[in-house]
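Structure first, then comments.
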Amino acid sequence: MDIYEIRKHNLVKLIGSQRKGACAERWEMSAAHLSQILSDKTVKNLGDDVARRIEVIEGLPRGWFDSIPDDTQELETGPASAAELVKQMLAKSGKGLSDATRQRLMAAAAEESHENVITVDVSRPGLVGDEVWIAHYDVRAAMGGGQIPHDYPEMLQDIRVSPTHLREMGVKFKDHFHLKMITGWGQSMAPTIKDRDPLLVDITIREFTGDGIYLFSHDEMLYVKRLQKKGKGRFKMISDNKHHEPEEIRVDDTHILARVLYVWNGNPV
């Protein structure tokens, strides 16, 4: 199960026999929005902000929606074989796989489970605490002349990380729910950030908090650049590539969207 299947499963369990319209009203969302999330015919997902809001309203622990449900494996059936588990997985989320791929997965599961059974730890903690999902957005922020931002960024994939490990690497953040991944394009921030490097950003930082690398829009274009304050009303926009000269831009024309915390090539920022 990916993070959205987990959330949907927990949402269905939370609603139970309640009227969906009443739930939607209580959760400050439209009934149509809730129906889209619950439907198997749409790709509408339960996002971070809505999940956290429902948790607060219902008095649930933060991250409850992201916990792997303990009822995904029927306890009374006893331990399941690897082949059976793979078969269940393929039935739920393997519709796009070819027959050849399905057969290879089943064969690998049968080979792995040479004793025919494995025990399933259904009490394993969910993706809260030291294992979290970070959404990767289809936002191409140019490290050169600027990119026209998408009106509605769509998620490409989720990245599973350990907040503890991130902090050990020197990444400073308050809450992992506010971390997102984007992609940098261009060479003007090389060697710190190379073309198409994934970037870890904090989307709660919407104003200048000191010299650093930011995701920001300026003149309707999207950038990833270093910013330095120059006087009251101007920023110095700096490229790490020495072939690109720094520019001065007006603070009033610059809208900070996030701060870059880490480059996924291991380079510090």
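The values are calculated or read from the model by the stated rules, or taken from the named source; none is laboratory data. These numbers were taken from a predicted model, which means no experiment stands behind them. As a convention, Cβ positions derive from the backbone with ideal geometry for all residues, glycine included, and neighbour counts pool all protein chains shown.
Residue by residue, here is whether (1) of a type in the set (A, V, I, L, M, F, W, C); (2) touching a Leu at 6+ places or on another chain (Cβ under 7 Å) holds:
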| site | (1), (2) |
| --- | --- |
| TYR4 | no, yes |
| LYS13 | no, no |
| GLU28 | no, no |
| LEU34 | yes, no |
| LYS44 | no, no |
| GLY59 | no, no |
| ARG62 | no, no |
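Residues are listed down the side, and each one gets a yes or a no for (1) under 23 Å from the mean Cα position of the chain (by Cα); (2) of a type in the set (Lys, Arg); (3) in the same structural domain as LYS180 (by TED's automatic domain parsing); (4) more than 22 Å from HIS178 (Cα to Cα):
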{"site": "GLY21", "(1), (2), (3), (4)": "no, no, no, yes"}
{"site": "TRP27", "(1), (2), (3), (4)": "yes, no, no, no"}
{"site": "ALA32", "(1), (2), (3), (4)": "no, no, no, yes"}
{"site": "ILE37", "(1), (2), (3), (4)": "yes, no, no, no"}
{"site": "THR42", "(1), (2), (3), (4)": "yes, no, no, yes"}
{"site": "GLY47", "(1), (2), (3), (4)": "yes, no, no, no"}
{"site": "ARG52", "(1), (2), (3), (4)": "yes, yes, no, no"}
{"site": "GLU58", "(1), (2), (3), (4)": "no, no, no, no"}
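Would you mind stating whether ASP219 is farther than 18 Å from TRP264 by Cα, surrounded by fewer than 17 Cβ atoms within 10 Å (Cβ to Cβ) and either at pLDDT 85 or above or among the β-branched types (Val, Ile, Thr) (or both)? When the stated conditions are applied, ASP219 does not pass them.
Scanning region 26-39 for residues that are surrounded by fewer than 16 Cβ atoms within 10 Å (Cβ to Cβ), closer than 22 Å to ASP175 by Cβ and charged (D, E, K, R) turns up at least one hit. Of all residue pairs spaced 6 or more apart or on separate chains, those with beta-carbon atoms under 6 Å, a first member in region 154-166 that is modelled with pLDDT of 60 or more and a second member that is not in a strand (DSSP E or B) are ASP158/ILE3; SER162/ASP130; PRO163/HIS176; THR164/ASP130. Out of curiosity, is LEU261 surrounded by 15 or more Cβ atoms within 10 Å (Cβ to Cβ), modelled with pLDDT of 90 or more and within 26 Å of TYR4 (Cα to Cα)? So LEU261 fits the description; yes.
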